Structures are given as structure tokens and as C-alpha cells.
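Reading through the C-alpha cells given below for one structure.
The values are calculated or read from the model by the stated rules, or taken from the named source; none is laboratory data. Please read all numbers here as calculations on a predicted model, not as lab measurements. Cβ coordinates were reconstructed from backbone atoms using ideal geometry, including for glycine residues, and neighbour counts include every protein chain displayed.
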Amino acid sequence: MTPTAAVPRKSGSEWSAKRPAKQANRLPRHVRCGHILLVQEGRFRLLTDGGQGLLLTLAHNANVDAADLQRFQRERSQIEVHYTGEPNLVSGVAHEIRVLSGER
């Protein structure tokens, strides 16, 4: 039986130095303005100012919830949506929604 050499363990700082920063892994955010046509639980269809319909899913950590989406739809609020991924696919996720006051 031959002796096995001990494998040196990496310290926490050595491991973290190898990992890319979280910022580098982020998907690019897109921004569209418009109003909500339809809400179903955490999904909604945004009609953009340019007339394009975008199906998006609300992120679990978004700044609004499904009840807010329903209110925005009911009031036909003009909103600005910050999202990642591809709309109309599973990857289209809305992370931030702001109501644009006084704009229509």
C-alpha cells in the first residue's frame, strides 16, 4: 500500500477569489413603458407604448405583488417595467415596476 499525499485545502478567501463577482453573472435589464392588459397570478401582459404585447412573470423579490398588478390594470396606470430575459418566454421576468405619475 502506497501512502497518499494530503491534498491541501483552499481557504475561504482562495475560493472566493476564483468565483466571478455576482455583477458579472447578471442578465442585462431591459426597460419598457406601457400599461397592463391582463393579470393572472404573477404573470401579466404589458402593452407597450409602441403597441407591442409582452408577457412577463413577476419576480419573487419584485417591488410589487400580484395585487398591485391588478390595481395597475384596473386603473390603466402608465408603468415602467424593468425586466430580464426574453418576454413571451419563461425567462421574461419583471424585477421592478414603477408607476409613471401623470403620464398617459
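Step by step: first the residues of the range 90-104, then only those that are at pLDDT below 90 and farther than 15 Å from A59 by Cβ, then the one that is surrounded by the most Cβ atoms within 10 Å (Cβ to Cβ). Which residue is that?
E103
Just one of the numbered conditions (1) assigned to a strand (DSSP E or B); (2) modelled with pLDDT under 95; (3) not charged (D, E, K, R) is not true of P28; which one?
Condition not satisfied by P28: (1).
Scan (1) in a strand (DSSP E or B); (2) among the hydrophobic types (A, V, I, L, M, F, W, C); (3) in contact with a helix residue (DSSP H, G or I) (Cβ under 9 Å, 6 or more places away or on another chain) for the single condition V64 breaks and write down its number.
Among (1) in a strand (DSSP E or B); (2) among the hydrophobic types (A, V, I, L, M, F, W, C); (3) in contact with a helix residue (DSSP H, G or I) (Cβ under 9 Å, 6 or more places away or on another chain), V64 violates only (1).
Just give me the residues in the range 42-89 being touching a residue at least 40 places away in the same chain (Cβ under 8 Å) and surrounded by fewer than 16 Cβ atoms within 10 Å (Cβ to Cβ), in sequence order.
Across the range 42-89, the qualifying residues are R76, E80.
State all residues of the range 42-67 that are of a type in the set (D, E) and touching a Leu at 6+ places or on another chain (Cβ under 9 Å); if no residue qualifies, say none.
Answer for the range 42-67, where residues must be of a type in the set (D, E) and touching a Leu at 6+ places or on another chain (Cβ under 9 Å): just D65.
How many residues are of a type in the set (A, V, I, L, M, F, W, C) and over 15 Å from L100 (Cα atoms) if we restrict to the range 36-52?
4
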